[in-house]
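In what follows, a structure is listed as structure tokens, so that the remarks can point back to it.
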Amino acid sequence: MKFDKPETTNAIDNLTVVGQPHRRIDGPLKVSGRAPYAYEHGDIGGDVAYGFPVGSGIAKGRILSIDTDAARAAPGVLAVVTSIDFGEARKGKNNTAHLFGGDKIEHYHQAIAVVVAESFEQARSAAALIHVEYQEETGSFDLEAAKGSASPPDPDSENADTAVGNFDDAFNSAAVTLDATYETPDQSHAMMEPHASLAKWDGDQLTVWTSSQMIDWWHTDLAMVLNMDKEKIRLKSPYIGGGFGGKLFLRVDAVLAAVGAKAAGRAVKLALPRPMMMNNTTHRPATIQRIRIGADEDGKITAIGHESWSGNLPEGDLETAVMQTRLLYAGENRMTAMRLARLDLAEGNAMRAPGEAPGLMALEIAMDEMAEKLGMDPIDFRVANDTQVDPENPERPFTQRDLIGCLKLGAERFGWQARSPQPASRREGRFLIGHGVAAAFRNNLLVPSAARVRLEAGGRVVVETDMTDIGTGSYTIIAQTAAEMFGIPIEAVDVRLGDSQFPVSAGSGGQFGANCSTSGVYAACVKLREEIAKTLGFNSNDITFAGGFVRSGDRSIPLAEAAGEEGLVAEDVIEWGDLHKTHQQSTFGAHFVEVAVDAFTGEIRVRRMLAVCAAGRILNPITARSQVIGAMTMGVGLALSEELAVDTKRGFFVNHDLAGYEVPVHADIPHQDVIFLNEADPMSSPMKAKGVGELGLCGVSAAVANAIYNATGVRVRDYPITLDKLI
Ligand code: MOS
């Protein structure tokens, strides 16, 4: 099905199941420990052995030799495979650095060996006996130092500089100006479940149970790394304990489990130890962002400029931190530019709303600073600079944009009126109290997504797609979609996900998973409804499905009978036309935060948070709310604690575990509230939905920063905002 014109009414609009607050259908399995995660599959036939990885002890250079004699002789060891044994360095097309193979070291903790043993402890202790000699080279590890040599992106790419009007003249002649630089550190996904895989060979057929956001990307890339036919590999990832972007791309756990299993002649399970995750896998690169805003005395922006620097390995990409500034506020004269420095740290890549999350951490503080300079309320300043069209291409309107509605409703519900505009003017006992606001913005991306739907004899509906559920609720919203399309209760739908034998879906990434995967299921359901009509001799134009019956004219048949003995099956893919070219599709929101800062110690406590989101139709208010409160929690982490500390001499992240890399715990998280505006976007998809998960994060950290400023009068421009920066 091609989606190339605005949707009119369809069966989803009935909203008897879609849009309803269904609890997640995989919830009972998960809370009772019966949902098997990658490392937990037990019943696969045969004894499972344990793999343990070895990572490079240098950040850049070559391996001269690897001595594995002691490891091979250690108790319980079944096999040792080094990157030299493996041969040529290989990576998938979505990887920047190679995952395994060869003697070249591109970053610290790059995998150089796997040890397989009867027990986990034996594999781990034998791994410590491996001795490696390196030839070390000097690397580049410091963004600040490398910034001067950063280079511009391909001028034909979407990351190229943009310029409208005359930014310099407008900025220089503006009545009120701001020129400030903000910094965000390297950050790590820090999802709960580590990267983990269980590999089993049957002859030349390989099955890998893993933890992946994107089955087909992994499938393709694992075949490339192992130099195998894709058809000979089956990948399964039915349950995933969080991804946050860290499981978008094939990681080495899957490679090492497969290589180790082959060498040992046994099924092998392997998880990356937490200390290897930060330096072996991807992370969000640090940014340095300069923002300049000029406005007239009435608070109209006349010039807005955003430049960003980030670093990566050769062939790596930049952190797209300026993207929202191209679209969020009006202003006739504008520029954006991004520069990429060469760094030899582990690969920088997508993490939790890449681009907009760090971009808004800067832009939305800048907007707060600018409002203060203008003597305006920060909400009024944002409202005054709203735009209903893409400000760089004014002929492109937004499909829907109610940023003003989010800000105004949020202000009312949060009690913004009671905020003191004067910083450091409210005190409760030893605490300084402050309130902050920020706009939320995230684009709505469209990715093709396929599904297979079967009506079984007896009337149950089975949906199969390689879509993943990373804790987001995919199982539930997909079941809701099929239930709505066939007029049956959600309990009559079975959803099967995360298997490379199923049709290729959008996968879970970029907040596109929910809208795109349910649209693919919708397309397959439309096709199956036509099949059913044809089989029954019904007119497919006036066919309806409700209450377990198929009806056309005055004929009515139970769905259970319509399937016949064999059942009926249909498969389709949703493909996207050009609507996103003529119209800008984005999601909007407003974040409100109240903080209390200890006047003596500088300790920061977030007391109250509110998010208002405008993100098209909300497919399930329970799972969407969970997404947003989880994202708001991440925003608190990015604002207050999350930072990978770089050893700029030896080139690695020092605090490579959850003791040193601090994410919020329950006690850090206060009252959270989420409001969804009642929207349905006919231009976004047949579901009229959009992404919402990452929107919940975008802007949060700046709202925290602005609340801290309001509480203390101290403006911190480098994250995380730790108490030492307030004193
Ligand atoms: Mo997201 S960072 O695209 O998983």
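Any read-out appearing in this document is the output of simple, stated calculations on the displayed coordinates, not a laboratory observation. Just so it is clear, the structure is predicted and the values come from calculations on it, not from any experiment. In this analysis, Cβ positions are derived from the backbone assuming ideal geometry, glycine residues included, and neighbour counts consider all displayed protein chains.
Overview of results
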read-out: Charged-residue dipole, Cβ positions (Lys, Arg, Asp, Glu), region 290-445 about Cα centre, Debye nearest 20; value: 440 debye
read-out: Summed residue charge, Cβ within 11 Å of PRO185's Cβ, Lys/Arg positive, Asp/Glu negative; value: -4
read-out: Residue order, fewest to most surrounding Cβ atoms within 10 angstrom, among LYS373, LYS5; value: LYS5, LYS373
read-out: Among THR722, ALA450, SER157 the positive-end extreme of the charge dipole of the chain (Cβ point charges); value: THR722
read-out: Nearest-0.05 FRET efficiency for LYS230 and LYS5, computed from C-beta distance (R0 45 Å); value: 0.80
read-out: Between region 59-94 and region 304-346, the Cα center-to-center distance that results, in Å; value: 37 Å
read-out: Under-5 Å amide H pairs with SER449, H placed in peptide plane, nonlocal only; value: ILE574
read-out: Long-range amide H partners of ARG339 with built H, under 5 Å; value: SER308, TRP309, SER310
read-out: Using a Förster distance of 51 Å, the FRET efficiency for ALA73-ASP169 (Cβ separation, nearest 0.05); value: 0.10
read-out: Part-to-part distance (alpha-carbon centres) for region 115-172 and region 430-486, which is given in Å; value: 32 Å
read-out: Ascending count of other beta-carbon atoms within 10 Å, so fewest first, for SER237, SER641, SER151, SER197; value: SER151, SER641, SER237, SER197
read-out: Unit charges at the beta carbon, dipole of the chain: most positive-side option, SER684, SER140, ASN349; value: SER684
read-out: Helix-only CD estimate at 222 nm, as mean residue ellipticity for the chain, using -39500 (n - 2.57) per DSSP H run (n ≥ 4); value: -7500 deg cm²/dmol
read-out: Total charge dipole magnitude, region 401-536, about the Cα centre, Cβ charges on Lys, Arg, Asp, Glu only, Debye to nearest 20; value: 760 debye
read-out: For region 449-458, Karplus couplings with θ = phi - 60° (6.51, -1.76, 1.60), whole Hz, Gly/Pro x; value: 8, 10, 7, 10, 10, 10, 9, 8, 3, x
read-out: Loop-located trypsin sites (Lys or Arg not before Pro) in region 420-505 whose Cβ has at most 13 other Cβ within 10 Å (DSSP); value: ARG430
read-out: Cα lying deepest toward the dipole's positive end in region 281-400, options MET367, ALA330, HIS283, charges on Cβ; value: HIS283
read-out: Surrounding net charge for THR281, when Lys and Arg each add one and Asp and Glu each subtract one, Cβ distance under 15 Å; value: -1
read-out: Net charge over other residues, Cβ less than 9 angstrom from the Cβ of HIS195 (K, R count +1; D, E count -1); value: 0
read-out: Net charge dipole size for the chain [Lys, Arg +1 and Asp, Glu -1 on Cβ; Debye, nearest 20]; value: 1080 debye
read-out: Order of PHE545, PHE600 - criterion: other Cβ atoms within 10 Å of each residue's Cβ, fewest first; value: PHE600, PHE545
read-out: Cα gyration tensor category, rounded, prolate or oblate, for the chain with a/c compared to 1.5; value: oblate
read-out: Whole-Hz couplings from phi, Karplus 6.51/-1.76/1.60, listed for region 653-660; x for Gly and Pro; value: 8, 6, 8, 8, 7, 7, 7, x
